[in-house]
Each structure stands twice: as C-alpha cells, then as structure tokens.
Amino acid sequence: MNTTRTALVTGITGQDGRHLAELLHAEGYAVHGLIRGQHNPRREAIARELPYVELIEGDLTDPTSIVRAVESTRPDEVYNLAAISHVGYSFKNPTLTADVTGKGVLNVLEAVRLTGLAETTKVYQASTSEMFGGLDYNRPGSGYNEESLFHPRSPYGVAKLYGHWIAKNYRESYGMFISCGILFNHEGEHRGVEFVTRKITHAVARIKLGLQETLELGDLWPKRDWGYAGDYVRGMWLMLQHGIADDFVLASGETHSIEEFLDLAFAEVGIEDWKPYVVQNPKFMRPAEVDILLGDPSKAERELGWRREVDFHGLVSRMVAHDLAEQAGLNGLEVPNAASVS
Ligand code: NAP
Ligand code: F7E
C-alpha cells in the first residue's frame with residue numbers, strides 16, 4: 001500500500017511556496033505545485049531548484065483549472081498560497097486583486113468540494129495581518145491575536161478578509177478541515193525585490209559592491225512584525241497536523257520600523273550612516289498606510305508547539321549575506337568583508 005502523503009501547493013513560485021515545498025519534501029510528501037501562464041518565467045528555476053515538485057498548470061481565477069488540478073492530484077493537503085500579495089500593487093489593480101486573492105479562495109474550496117474530497121482533504125488558507133489594519137481603535141497593546149478586530153486598509157487586505165471568512169464559512173457549513181494562518185510579515189532570501197526588506201538588502205549589497213548609488217523608498221516610519229519565512233511555513237504545516245481546524249496567528253511578537261531595518265542592513269556592510277544613500281520617493285507611498293503591526297503568537301506556541309528560530313537581527317543578517325554573495329557572483333566580484341567600507 002502506498003502511504004506517501006500528497007500535497008498541492010498553489011503559489012509554488014512565490015517565496016512561501018518554495019520554502020514549503022522544501023519542508024514537505026523533507027517530510028516525505030509527494031509535492032504538486034500549481035503554476036500559471038503560458039510561459040511562466042519562474043518555471044525553469046522551480047524545475048532546477050525543486051526538481052521533486054510536479055508542476056500542474058492552473059490559475060486561481062479559472063475554476064475549471066483548479067478542479068482539474070485537485071481531481072488529478074487528489075491531495076491529502078492543499079496549501080492555498082497563491083495571491084496578488086503586494087499591497088501597493090493592489091491599490092493599482094483592485095479588481096484583479098479581488099478576483100485572485102479573494103474569489104480565488106472560493107475557487108479552491110469549491111474544487112475540493114466538487115471533487116468529493118471535502119471530508120478527507122485538509123486545506124490551509126494564507127490569511128494575513130493586513131486584515132487588522134493597524135488603526136488606533138483596534139490595536140491591542142499586547143499585539144493582535146485571533147480575536148482582534150479587523151479593519152483592512154488596502155484592496156489586498158479587503159480581498160484577504162473575504163478569503164478568510166469564506167474559508168471559515170466552509171469550515172462551519174460543510175465541516176471541512178480548513179485552517180487559516182494569520183501570518184505577520186515574513187521574509188528571507190526568496191522574498192521578491194518588490195517588498196521593502198528584500199529591496200533594502202538587495203540595494204545594500206549592490207551599494208557595497210559599487211553597483212548602485214542610491215535606494216528609493218516610500219515612508220520609513222511604518223513598523224512591522226518581521227520574521228523568517230522558513231519558520232513560518234513550518235507553522236502552516238503544523239496547523240494541518242493539528243487535531244482541530246482553527247485560526248492561528250504566526251508572528252515574532254516584536255515590531256520594528258523600516259528605519260531600524262535600514263540601520264541593521266547597512267551596518268552589516270559597515271555603513272553606519274545610511275541617510276546619504278536613501279532617497280524618499282512618493283511613488284512608493286500608499287493611499288492608506290498600515291502604521292504599525294505587532295502580533296501575539298501565543299496560541300500557536302501553546303497549541304501547535306510553534307517557535308520561531310530566527311530573530312530580527314538574524315533575519316537582516318542572513319538576507320544581506322545572501323544578497324552580497326548573489327550580487328558578487330552575478331557580477332564576477334569578490335564578496336567584500338564588512339570592514340572594507342568605501
Ligand atoms: P508571493 O511571493 O507574492 O507569491 C505569490 C504566488 O501567487 C506566486 O507563486 C504567484 O505566481 C501566485 N499567483 C499570483 N496570481 C495567481 C493566479 N491568478 N493563479 C495562480 N497563482 C497565482 O507571496 P508569498 O510571500 O509567498 O506569500 C504566500 C501567501 O501568503 C500569499 O497568499 C500572501 O498573500 C500570504 N501572506 C504573505 C505574507 C508574507 O509576509 N510573505 C504574510 C501574510 C500572508 P507567479 O509566479 O505566476 O506570479
Ligand atoms: O511594505 C513600506 C510600505 O511591501 C512594508 C506582504 O507580504 O506583508 C507584506 O505586506 C512597509 C509598508 O510589505 C517601500 O509602505 C516604504 O509600510 O514590504 P511591504 P507589506 O505591505 O507589509 C503582509 C503581512 C502581507 O500579507 C503582504 O502580502 O514598507 N515601504 N518604502 C515600502 N514598501 C515597498 N514594498 N517598497 C518601498 O519602496
């Protein structure tokens with residue numbers, strides 16, 4: 001009898017998809033990854049770096065393709081990570097964001113139901129701290145938890161809130177095992193360069209190597225609760241191994257401003273004063289901002305035994321080291337040591 005467990009991961013080409021595929025493979029799963037588009041530029045990288053992943057074509061906005069993906073793989077676990085996930089982009093493309101990040105969740109849940117797998121297949125839904133919004137009236141001093149009020153501040157946050165509630169509704173209506181991870185920001189070497197942390201570490205590496213002169217950013221005062229993506233995908237997996245389907249916050253329990261991130265990132269390459277290198281550009285500011293996010297992960301720690309291993313300093317340090325090595329390699333340069341500041 002074949003006892004290998006099967007997982008279907010949407011968003012396989014994204015940051016979390018890559019970390020999660022590694023974890024699931026190490027845990028002995030057969031991993032299937034949903035990939036979209038006629039020619040996805042990330043297909044080759046996935047095939048090279050994650051050769052054990054079976055890629056299956058589909059788009060979250062195309063229900064038929066999702067039914068086909070679920071039917072052909074009959075997964076024990078579905079991890080729905082696919083989304084338009086960039087908050088700034090969601091303001092410019094709100095309809096697409098609603099279709100993918102919101103209604104796409106319904107397409108996944110319906111696919112599981114229509115293929116007769118509602119009683120056996122477990123589903124993870126990627127919910128987000130962006131659903132809270134960081135406003136004074138709903139901001140608890142000890143950090144947002146599973147009971148906190150929602151007040152999303154972007155088309156992305158609103159679409160995610162629909163995904164969150166439709167997932168809970170299917171859990172309650174049909175008894176499906178669907179767990180929602182309310183994850184605070186998590187970053188790492190696979191983070192897209194359009195997100196602020198990787199944009200900074202990528203630029204810091206290039207500035208240190210003499211490949212770039214300045215870094216353009218938006219507002220520097222917002223605060224985020226940042227953790228390492230590798231720690232957070234373990235939490236996703238733990239949610240589906242738990243006895244009960246539920247909602248769980250994953251967070252570091254600390255909050256830091258973008259200025260603090262800049263301090264640490266530039267210090268990693270020996271630059272103590274980053275101000276001459278950073279230019280503020282309104283182009284990167286948003287119509288509505290989430291001022292501060294701080295999460296309280298005590299439920300996940302207590303009930304799932306989840307712990308983060310990488311702290312804020314460790315996160316910045318590993319991202320800068322990765323980008324220095326990558327940029328040096330790409331440009332045929334030596335990796336400099338931090339002390340040799342130009
Ligand atoms: P990401 O790097 O932006 O990856 C998003 C993935 O979604 C990509 O694989 C992308 O594929 C795929 N996708 C986009 N539109 C699609 C469509 N129409 N059909 C199928 N796939 C589509 O995001 P991430 O950081 O890994 O985050 C994973 C999930 O967690 C997302 O749902 C995100 O919203 C949520 N989340 C992230 C964080 C965080 O801090 N990272 C925190 C809370 C929640 P392409 O390569 O084809 O574009
Ligand atoms: O912005 C500010 C920006 O785009 C963080 C997604 O994974 O986490 C992420 O959403 C902060 C914001 O992440 C730039 O205004 C300044 O205050 O890195 P970000 P995010 O918006 O927090 C949540 C939890 C998700 O669920 C999302 O999917 O940084 N900021 N200057 C900038 N941000 C960007 N991207 N680029 C700038 O130049």
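The values are calculated or read from the model by the stated rules, or taken from the named source; none is laboratory data. Since we're looking at a predicted model, the values are computed, not measured. Cβ atoms come from the backbone with ideal geometry, glycine included; neighbour counts cover every protein chain shown. The accessibility values were calculated without ligands, DNA or RNA, using every heavy atom of the protein model including side chains. Shrake-Rupley method; radii C 1.70, N 1.55, O 1.52, S 1.80 Å.
Within the range 189-205, the only residue that satisfies the criterion of being in a loop (DSSP other than H, G, I, E, B) and either away from ligand 2 (no atom under 14 Å from the Cβ) or modelled with pLDDT under 95 (or both) is GLU189. Could you check the range 271-290 and list, in sequence order, the residues that are crowded, with 16+ Cβ neighbours inside 10 Å and either part of a helix (DSSP H, G or I) or not assigned by TED's automatic domain parsing to the domain that holds HIS202 (or both)? Matches in the range 271-290: TYR277 only. Has the range 118-131 got at least one residue that is under 20 Å from the mean Cα position of the chain (by Cα) and either aromatic (Phe, Trp, Tyr) or assigned by TED's automatic domain parsing to the domain that holds LEU215 (or both)? Within the range 118-131 (the criterion being under 20 Å from the mean Cα position of the chain (by Cα) and either aromatic (Phe, Trp, Tyr) or assigned by TED's automatic domain parsing to the domain that holds LEU215 (or both)), the answer is yes, since at least one residue qualifies.
Condition check for ARG18 on (1) within 19 Å of the chain's Cα centre (by Cα); (2) open to solvent by 20 Å² or more (accessible area, probe 1.4 Å); (3) more than 16 Å from ligand 2 (Cβ to nearest atom); (4) among the charged types (D, E, K, R): one failure, at (3).
Filtering the range 5-15 to residues that are open to solvent by less than 20 Å² (accessible area, probe 1.4 Å) and more than 15 Å from ligand 2 (Cβ to nearest atom) leaves ALA7, LEU8, VAL9, ILE12. Among the residues that make up the range 219-228, is at least one of them within 10 Å of ligand 1 (Cβ to nearest atom) and open to solvent by 10 Å² or more (accessible area, probe 1.4 Å)? Yes: the range 219-228 contains one or more residues that are within 10 Å of ligand 1 (Cβ to nearest atom) and open to solvent by 10 Å² or more (accessible area, probe 1.4 Å). Within the range 158-188, being away from ligand 1 (no atom under 12 Å from the Cβ), part of a loop (DSSP other than H, G, I, E, B) and open to solvent by 10 Å² or more (accessible area, probe 1.4 Å) holds for GLY175, PHE177. TYR29: open to solvent by less than 50 Å² (accessible area, probe 1.4 Å), within 12 Å of ligand 1 (Cβ to nearest atom) and hydroxyl-bearing (Ser, Thr, Tyr), yes or no? It is false that TYR29 is open to solvent by less than 50 Å² (accessible area, probe 1.4 Å), within 12 Å of ligand 1 (Cβ to nearest atom) and hydroxyl-bearing (Ser, Thr, Tyr). For the range 76-92, the candidate set comprises residues that are in contact (Cβ under 8 Å) with a residue 24 or more places away in the chain and more than 18 Å from the chain's Cα centre (by Cα); within that set, the residue that is farthest from ligand 1 (Cβ to nearest atom) is ASP76.
The set of residues in the range 33-54 that are open to solvent by less than 50 Å² (accessible area, probe 1.4 Å) and closer than 20 Å to GLU22 by Cα comprises GLY33, LEU34, ILE35, ALA45, ILE46, LEU50, VAL53.
Cβ-Cβ distances below 9 Å connect the following pairs, each with a first residue in the range 291-313 that is farther than 15 Å from TRP226 by Cβ, a second residue that is open to solvent by 20 Å² or more (accessible area, probe 1.4 Å) and among the β-branched types (Val, Ile, Thr), and a separation of six or more residues or different chains: GLU303/ILE244.
Would you tally the residues in the range 240-263 being away from ligand 1 (no atom under 16 Å from the Cβ) and either within 22 Å of GLU289 (Cβ to Cβ) or surrounded by fewer than 16 Cβ atoms within 10 Å (Cβ to Cβ) (or both)? Of the residues in the range 240-263, 8 are away from ligand 1 (no atom under 16 Å from the Cβ) and either within 22 Å of GLU289 (Cβ to Cβ) or surrounded by fewer than 16 Cβ atoms within 10 Å (Cβ to Cβ) (or both). The number of residues in the range 60-92 being open to solvent by less than 50 Å² (accessible area, probe 1.4 Å) and either part of a loop (DSSP other than H, G, I, E, B) or among the acidic types (Asp, Glu) (or both) comes to 8. Of all residues assigned to the range 104-114, at least one qualifies as being in the same structural domain as GLY28 (by TED's automatic domain parsing), within 16 Å of ligand 2 (Cβ to nearest atom), part of a helix (DSSP H, G or I) and crowded, with 16+ Cβ neighbours inside 10 Å.
When you look at THR4, is it of a type in the set (S, T, N, Q), in a loop (DSSP other than H, G, I, E, B) and either near ligand 1 (Cβ under 9 Å from one of its atoms) or farther than 24 Å from HIS190 by Cα (or both), yes or no? Here the answer is yes, as THR4 does meet what is asked. Identify the single condition in (1) within 13 Å of ligand 1 (Cβ to nearest atom); (2) within 22 Å of GLU71 (Cα to Cα); (3) in contact (Cβ under 8 Å) with a residue 24 or more places away in the chain; (4) open to solvent by 50 Å² or more (accessible area, probe 1.4 Å) that GLU57 does not satisfy, given that it satisfies every other one. Only one criterion in (1) within 13 Å of ligand 1 (Cβ to nearest atom); (2) within 22 Å of GLU71 (Cα to Cα); (3) in contact (Cβ under 8 Å) with a residue 24 or more places away in the chain; (4) open to solvent by 50 Å² or more (accessible area, probe 1.4 Å) is unmet by GLU57, namely (3).
If you take the residues of the range 206-244 that are β-branched (Val, Ile, Thr) and outside any helix (DSSP H, G or I), which of them is nearest to the chain's Cα centre (by Cα)? Ranking the candidates gives ILE244 first.
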